[in-house]
Amino acid sequence: MIRLSLKSGMGRASMAALFVLGICAAAFGQEAKISRFTLDNGMQVILKENHASPMITSLIFVKAGSKYESKYNNGVTHFLEHLLFDGTASHRQEEISGGIERLGGYINAFTRKEFTAYLVLMPKDYINYGMATEADMLFNSNFPDDKFPKERKIVIEEMKKDNDAEGTAAEDFGDEKALAGTPYERPVIGYESTIANIPREAVIDYWKRFYGPNNMIALIIGDFETPAMTEMVKSIFGKFPRADLPPAPVIDYQKLSGEQTFKTAAKTKSTYINFSIEAPKYTDPDYFAFAILEDYLSDEENSPLVKALKGGANPLVSSVSASLDTKEEFSRFNIQLISDQAALADSIVRITDSVLKNLAATPPSEELLNGYKVSRRCNDIYMSEKLHYYGFTVAPLMAITGWDFFEKFQNRVDSVTIADIGRACADYMANLNDVITIVYPQAKDNPNESVYMPTGPSAEEVIAHYKTATFPAYDLTSGKKFKMPAITVATGTQEKRYANYLKQVLDNGLTVIIKSNPDSRVFALNVIGENRTASEPDGKDGITDFVNHMIEKGTITRSAEQLSQDLASIGAKVTLYDNPWIPYDDRYTTRQFAFMKFETIDEFAPKGIELFSDMIAHPAFDSAQVEKVRADILGLLGRNGGSTYKVARDLFYATLFENTAYARTIEGTFRTIGSISAEDLKSYHHNFYSPENMIVTIGTSRPPEEVMALVKNTLGTIPKSGFTPVEAVRPANVLTVKTAHQKMEKEQVYIYLGNLLPSAKSPDAAALDVTAAVLSKRLQKVLREQQGLAYSVGAGVNLDRNFGWYICSIGTGAANFEKAKSGILAEIEKLKTAMPTDSEVAEAVNSLWGSYLTANLSRINQAYYMGVNEYLGVGYDYDETYLENIRKVSRGLVMRTARRYFDTTNYVIATAGNM
């Protein structure tokens, strides 16, 4: 029972908010059992139980990043991260990732300015193998001489990929100016001059100095019992000795004083304006008020900054975001603005300045403040389900501030008051101390205008520096005695957990499927709108995406501001489209269907269903909001036009699906988005999101009959529209080599190559998945690991209701185009002429199994994939059959499948880049 002590005179809204916060805190407490200890060798360990899925992730944070580098080894930490996957004293490169994948696991790493993180995500029965792999990499790597040239090429290709990304110049220029005089001004990835010329001995020396267990934090989250996991951690990581760590860098940080502005042209489509504002350090009590300000100023519906810059008939910017950047020595509060009106940059700065300086007078309301607190509590629950994503998004704060601070962080945020926010704003915003950077597009009529490019030391400087440098000789053979734990070969089966399913087609035609089990406190609801691009009227490409953006902009009875506040009051997370600011975060967006995701916790399910039903059934389509959304979409289209990956992808679909629905772009075009009226949106919404065209899937711990009753009383009351779903038709077979290319002034060229396949209901569906997985692994091995042509390369299949298609893709330097294209075709041919080995097929199958487990970690994703399977006609519970089917695929069947469907004489190849 939750007992709350309420001060007399407190308003009903405040009391209700405290009650909700109590529920959220209690839910979080039930989700997490946390313990902490330090090994004898100095490694800090945090264990966090989460029994929502039979998976465990191990994240090892190393205090090594660009902060600890110098002018001449800048980028070495990130380079080292790559090299640690290349082999140890007792295991080859193939055995590191292959050993993880054959057990259904996932292994990765990422580098930041302050730390590097290494993670494995494993079925719980194999976490000992995953952690042993981490330990072997971290402490026993042997840095094979023949791997260095390849890894240099891969990292340099990664630099080119990053340089081609639309916002990279703004980010680099911002760091260079705003963080000048600190180690944080250095880029994480370094420069081509440093990576190409840093000697092997310098990398090994850096590794030996920083990669000691006493410089690491292990965060292990998932389905385990703490006593057993404690002993496992000690046995795996406790045997490695402490390192003699170098002294921490001395940073004589000088607080910002006054305002400074820097401008530059760059090869961008939009104008980027960044404010880096002096903010309280995390040890300062005012820090927690700024955590709330981060939410408030980013609030699309209630932020005074959003209203000032995006309000009215002619918005000045297309994007407003705020973030609290926490360093060990200081903090900055960053405002990021994107505009398509370079000429108005100075006006945008003045308006932003004015809003920020008056923020003490316009704090969030009590209701908004409490909503932000509840949302943070609930979001921690949602992220905890995703295990490895928790490490990417939440845990980095812990790596910087330490566990003691991190553990109390949310409680401190919960204690923030309106008065606290006002005081913090008066202290830090009334008289701004900040650095403003403005990055604008190079003028089309002035191609000779100087554009910003990050510049590090010259190659000659780096070479000269290392000619005089000396490094100790290290023994890299001691790790030969390291033994991996004995394991039973994976069978691809997973722990069976209780689940109760209920499926009904309601009187209005709505298909509803509910999965109930006690593994999580999250209430997850997903909606599939069937036949996305096939349903869009001619000349209205992108209207589905437009409608989805409008669904969060208010209903007939709730303004956009009120809707946002009501959702926050129950910590609801609504996802109606993929995040455009996360590269390659478009795995859910498809031409086949639209999705809408809703998450809250089970205690709030009744109100949550009512709210989300109102959004789906009664969007307002307010004319002013329509124009704001249109401006946002047009701005996004402009930025997407600078992405070789996205341009090549759309060219591929336009060519393969010529004269059919899937040739259209998901986001539409400038012409089609510009032509869509509010009446078009209303009419299309009435048909596309009619009950006959929707599949609703729900994950919950509540009884399914109870939830079904809630759905019937809300979504079940939406009247039929009489809409007849329109399915996409199979395009004509490709009987030649069809090419498409768009020239772009970029460092890389992106390649999409593929052709048509049968449908998801084909008896060959499982074999196609396994064949593509084998091909993908071979492409990675040959084109990336052996030839160093690319940072990212792979293959995959997409199977629809009536047809499918496969794609091979790679991003590489323009000079490598012919080699990359020939390499893809050669690997396809090899698969058709030489039978893959049993181990290749086993690794491919287990990789697919691991991908399935990873994709279904969270309750919302379980609901999503139930809906997708139902849409495809294979049944909402198809996943269990799928795992059985891929296990039956033999190496002979892989070769026959490749021969039948992967044609190297007839295919589509689409490219975008400087060639």
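Suppose we filter segment 179-220 for residues that are under 26 Å from R36 (Cβ atoms), open to solvent by less than 20 Å² (accessible area, probe 1.4 Å) and assigned to a helix (DSSP H, G or I); how many remain?
The qualifying residues number 2.
Count, please, the residues in segment 700-755 that happen to be in a loop (DSSP other than H, G, I, E, B) and over 30 Å from A898 (Cβ atoms).
Matching residues across segment 700-755 total 18.
May I ask you to list the residues in segment 716-756 that are surrounded by 16 or more Cβ atoms within 10 Å (Cβ to Cβ) and free of Cβ contacts under 8 Å to residues at least 40 places away in the same chain?
S721, F723 - these are the residues of segment 716-756 that are surrounded by 16 or more Cβ atoms within 10 Å (Cβ to Cβ) and free of Cβ contacts under 8 Å to residues at least 40 places away in the same chain.
Would you say P472 is outside the structural domain of D175 (by the TED database), in a loop (DSSP other than H, G, I, E, B) and within 24 Å of G638 (Cα to Cα)?
No; evaluated as a whole, the condition is false for this residue.
Taking the condition in the same structural domain as C425 (by the TED database), outside any strand (DSSP E or B) and surrounded by 20 or more Cβ atoms within 10 Å (Cβ to Cβ), does A322 pass?
No: the conditions fail for A322.
Scanning segment 83-96 for residues that are touching a strand residue (DSSP E or B) at 6+ places or on another chain (Cβ under 6 Å) and modelled with pLDDT under 95, which turns out most open to solvent (accessible area, probe 1.4 Å)?
Residue satisfying both the conditions and the ranking: Q93.
Looking at segment 357-376, which of its residues are of a type in the set (V, I, T) and under 13 Å from I421 (Cα atoms)?
Within segment 357-376, just T362 meets the criteria.
Show the residue pairs meeting these rules: Cβ distance below 7 Å; 6+ apart or different chains; first residue within segment 321-332 and among the basic types (K, R); second residue open to solvent by 40 Å² or more (accessible area, probe 1.4 Å).
R332/D325
Does segment 769-784 include one or more residues that are of a type in the set (S, T, Y), over 21 Å from Y865 (Cβ atoms) and in contact with a His (Cβ under 6 Å, 6 or more places away or on another chain)?
Taking every residue of segment 769-784 in turn, none turns out to be of a type in the set (S, T, Y), over 21 Å from Y865 (Cβ atoms) and in contact with a His (Cβ under 6 Å, 6 or more places away or on another chain).
Looking only at segment 810-865, count every residue that is farther than 30 Å from A524 by Cβ, charged (D, E, K, R) and touching a residue at least 60 places away in the same chain (Cβ under 8 Å) and tell me the total.
Of the residues in that region, 5 qualify.
Starting from segment 130-146, keep only residues that are closer than 9 Å to G479 by Cα, then list their pairs with residues that are open to solvent by 10 Å² or more (accessible area, probe 1.4 Å) and modelled with pLDDT of 95 or more whose Cβ atoms are within a distance under 6 Å, requiring at least 6 positions of separation or different chains.
F139/F240
Return the residues of segment 866-901 that are among the aromatic types (F, W, Y), modelled with pLDDT under 95 and either within 21 Å of the chain's Cα centre (by Cα) or in a helix (DSSP H, G or I) (or both); say none if nothing qualifies.
Y878, Y882
Name the residues in segment 442-464 that are open to solvent by less than 70 Å² (accessible area, probe 1.4 Å) and at pLDDT 95 or above, would you?
The answer is P457, S458, A459, V462, A464.
Taking strands (runs of 3 or more DSSP E) that do not extend beyond segment 28-97, which have at least 1 residues that are more than 19 Å from I400 (Cα to Cα) and touching a Pro at 6+ places or on another chain (Cβ under 9 Å)?
Those strands (runs of 3 or more DSSP E) span 55-62.
The rows are residues; the columns are (1) assigned to a loop (DSSP other than H, G, I, E, B); (2) within 24 Å of E727 (Cα to Cα); (3) in contact with a Ser or Thr (Cβ under 7 Å, 6 or more places away or on another chain).
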position	(1), (2), (3)
H465	no, no, no
K483	yes, no, no
Y498	yes, no, no
D507	yes, yes, no
V527	no, yes, no
T533	no, yes, no
P537	yes, yes, no
M550	no, no, no
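Can you tell me how many residues in segment 115-125 are open to solvent by 20 Å² or more (accessible area, probe 1.4 Å) and modelled with pLDDT of 95 or more?
0
Yes/no matrix, rows are residues, columns are (1) touching a residue at least 24 places away in the same chain (Cβ under 8 Å); (2) under 18 Å from M615 (Cα atoms); (3) open to solvent by less than 10 Å² (accessible area, probe 1.4 Å); (4) of a type in the set (D, E, K, R):
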{"position": "I514", "(1), (2), (3), (4)": "yes, no, yes, no"}
{"position": "G529", "(1), (2), (3), (4)": "yes, yes, yes, no"}
{"position": "T533", "(1), (2), (3), (4)": "yes, no, yes, no"}
{"position": "T544", "(1), (2), (3), (4)": "yes, yes, yes, no"}
{"position": "K553", "(1), (2), (3), (4)": "yes, yes, no, yes"}
{"position": "I556", "(1), (2), (3), (4)": "yes, yes, no, no"}
{"position": "L576", "(1), (2), (3), (4)": "yes, yes, yes, no"}
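I need the helices (runs of 4 or more DSSP H) fully contained in segment 633-698, keeping only those with at least 2 residues that are surrounded by fewer than 17 Cβ atoms within 10 Å (Cβ to Cβ).
670-675, 678-688
Being open to solvent by less than 20 Å² (accessible area, probe 1.4 Å) and in contact with a Ser or Thr (Cβ under 9 Å, 6 or more places away or on another chain) is the filter here; which residues of segment 350-363 pass it?
Scanning segment 350-363 gives no hits.
Out of all the residues in segment 392-408, which are part of a helix (DSSP H, G or I) and touching a residue at least 40 places away in the same chain (Cβ under 8 Å)?
Matches in segment 392-408: F392, P396, L397, M398, A399, I400, T401, W403, F405, E407.
Do we have Y806 as closer than 14 Å to Y901 by Cβ and buried (at least 21 other Cβ atoms within 10 Å of the Cβ) here?
Answer is yes for this residue.
Scan segment 391-430 for residues that are open to solvent by less than 40 Å² (accessible area, probe 1.4 Å), farther than 17 Å from E114 by Cβ and among the β-branched types (V, I, T) and jot them down.
V413, V416, I421
Only one of (1) at pLDDT below 95; (2) open to solvent by 20 Å² or more (accessible area, probe 1.4 Å); (3) at negative phi; (4) not polar (S, T, N, Q) fails for Y584. Which number is that?
Status for Y584: all satisfied but (3).
Can you name every residue in segment 370-390 that is open to solvent by 30 Å² or more (accessible area, probe 1.4 Å) and assigned to a helix (DSSP H, G or I)?
S375, R376, N379, D380, Y389
When residues of segment 325-362 are filtered for being of a type outside the set (S, T, Y), over 20 Å from I633 (Cα atoms) and assigned to a loop (DSSP other than H, G, I, E, B), how many remain?
Counting residues in segment 325-362 that are of a type outside the set (S, T, Y), over 20 Å from I633 (Cα atoms) and assigned to a loop (DSSP other than H, G, I, E, B) gives 5.
Would you please name the residue that is most open to solvent (accessible area, probe 1.4 Å), looking only at residues in segment 809-859 that are under 15 Å from Y750 (Cβ atoms) and hydrophobic (A, V, I, L, M, F, W, C)?
My answer is A815.
Identify all residues within segment 228-260 that are in a loop (DSSP other than H, G, I, E, B) and open to solvent by less than 60 Å² (accessible area, probe 1.4 Å); write none if there are none.
G238, F240, A243, L245, P246, P249, I251, Y253, L256, G258 - these are the residues of segment 228-260 that are in a loop (DSSP other than H, G, I, E, B) and open to solvent by less than 60 Å² (accessible area, probe 1.4 Å).
In this structure, is A313 outside the structural domain of R112 (by the TED database), surrounded by 22 or more Cβ atoms within 10 Å (Cβ to Cβ), out of contact with any strand residue (DSSP E or B) (no Cβ under 6 Å at 6 or more places or on another chain) and aliphatic (A, V, I, L, M)?
No, not satisfied.
The values are calculated or read from the model by the stated rules, or taken from the named source; none is laboratory data. Note that this is a predicted model, so its numbers are computed, not measured. Using ideal geometry, Cβ is built from the backbone for each residue, glycine included, and neighbour counts are taken over all protein chains shown. Surface areas here come from the heavy atoms of the whole protein model, side chains and all, with no ligands, DNA or RNA. Shrake-Rupley method; radii C 1.70, N 1.55, O 1.52, S 1.80 Å.
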